[in-house]
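The values are calculated or read from the model by the stated rules, or taken from the named source; none is laboratory data. Because the structure is a prediction, the values reported are computed rather than measured. In this analysis, Cβ positions are derived from the backbone assuming ideal geometry, glycine residues included, and neighbour counts consider all displayed protein chains.
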Amino acid sequence: MRVSVQLFARLRELAGRADLECDVPAGSAIQDVWRAVAESHPALGAYGSSVSCARNEDFARMSAPVGEGDVIAFLPPVSGGARGWS
Amino acid sequence: VPLADLSIAHEPLGVERVVAELERAAQREGEGCGGVCTFVGVVRATHKGRRVRHLEYEAFEPLALKAFARIREEIDGQWPGTLVAIHHRVGRLAVGDASVVIAAASAHRAAAFQVCRYAIERVKQIAPVWKHEFFDDGDAWVEGATADVDDADARRRALDVACA
């Protein structure tokens, strides 16, 4: 199953790109997409559970399921956020 | 051109326009407009002792607008009859430039102050907008903690600060 991934701010800089495609098994959740992205871009690994996410331009939980063709955005912490997701 | 009351702005923000727009809207509602409270976030010349040369703000625009709309809904639930405008600049900003303008209008001043404070606290907590600071000797992204729109504790903290 293929999804599109968008990276913002420092995540984009560390990965060296704003957009990528990612293949994950059917039944995957957003956190599985993140793991795959962090694996292919080790510089992102340090973010661990401090990223948040959106699916198709709407706020989503990392545990939410993904579907074929979804656009998943990963967001580094904002200036005055709260706690991590795990 | 009338301003939308929520925006990500690529051009300089004008407080007077925002206020005039909001005041006009508030006059049409309920008891009318008795006060407008504004907050203007301004690019500071220093950060932790380092001299700031300029800033760059980046937003995930569609989601930022949804975050602003969410904040407006929260305000509508907590302070019925008040109005709020939220505008955040993106792109390159110089020291002294306005990065964010918030205006809150209400029939009575107490609610206007509370709404204005609540709105800026929530913007800082949940809006997908990132600040990149450039110094004479390097640069740094400003990152606090994870944005979570559903975090009830964060919302309560913003409410406590607004109503203190």
task: Mind telling me which of the residues B:ALA67, B:ALA94 ends up being surrounded by 14 or more Cβ atoms within 10 Å (Cβ to Cβ), of a type outside the set (S, T, N, Q) and touching a residue at least 12 places away in the same chain (Cβ under 8 Å)?
output: B:ALA67
- request: Give just the number: which of (1) out of contact with any strand residue (DSSP E or B) (no Cβ under 6 Å at 6 or more places or on another chain); (2) without any contact (Cβ under 8 Å) to a residue 40 or more places away in the chain; (3) surrounded by fewer than 19 Cβ atoms within 10 Å (Cβ to Cβ) does B:ALA145 not satisfy?
  value: (1)
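Per-residue answers, yes or no, for (1) in a helix (DSSP H, G or I); (2) closer than 27 Å to B:GLU23 by Cα:
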{"position": "B:ILE102", "(1), (2)": "no, yes"}
{"position": "B:ALA112", "(1), (2)": "yes, yes"}
{"position": "B:TYR118", "(1), (2)": "yes, yes"}
{"position": "B:ASP148", "(1), (2)": "no, no"}
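Considering only the stretch A:22-42, I want to know if a residue exists there that is among the acidic types (Asp, Glu), loosely packed, with under 13 Cβ neighbours inside 10 Å, more than 10 Å from every other protein chain (Cβ to nearest Cβ) and within 25 Å of B:ASP139 (Cα to Cα).
Taking the stretch A:22-42 and keeping what is among the acidic types (Asp, Glu), we get A:23, A:32, A:39.
Narrowing the set further to residues that are loosely packed, with under 13 Cβ neighbours inside 10 Å leaves A:23, A:39.
When the remaining residues are screened for being more than 10 Å from every other protein chain (Cβ to nearest Cβ), the result is A:23, A:39.
Those left that are additionally within 25 Å of B:ASP139 (Cα to Cα): none.
No: zero hits.
Has the stretch B:74-87 got at least one residue that is within 14 Å of another protein chain (Cβ to nearest Cβ) and closer than 30 Å to B:GLU31 by Cα? Even if it seems obvious, please write down each step before you answer.
Applying the first criterion (within 14 Å of another protein chain (Cβ to nearest Cβ)) to the stretch B:74-87 yields B:74.
Filter again for closer than 30 Å to B:GLU31 by Cα, leaving B:74.
Yes, that holds for at least one residue.
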task: Look through B:ARG72, B:ARG89, B:ARG109 and report the one residue that is basic (Lys, Arg), in contact with a strand residue (DSSP E or B) (Cβ under 7 Å, 6 or more places away or on another chain), closer than 30 Å to B:ASP136 by Cβ and touching a residue at least 40 places away in the same chain (Cβ under 8 Å).
output: B:ARG89
- prompt: If you go through the stretch B:135-143 one residue at a time, do you hit one that is among the hydrophobic types (A, V, I, L, M, F, W, C) and within 22 Å of B:ARG157 (Cα to Cα)?
  reply: yes
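What do you reckon, is B:ALA105 out of contact with any His (no Cβ under 9 Å at 6 or more places or on another chain), more than 14 Å from chain A (Cβ to nearest Cβ) and modelled with pLDDT of 95 or more? So that I can check it myself, show each step before the final result.
Numbers: out of contact with any His (no Cβ under 9 Å at 6 or more places or on another chain): yes; more than 14 Å from chain A (Cβ to nearest Cβ): yes; modelled with pLDDT of 95 or more: yes.
Taking the combined requirement at face value, the residue satisfies it.
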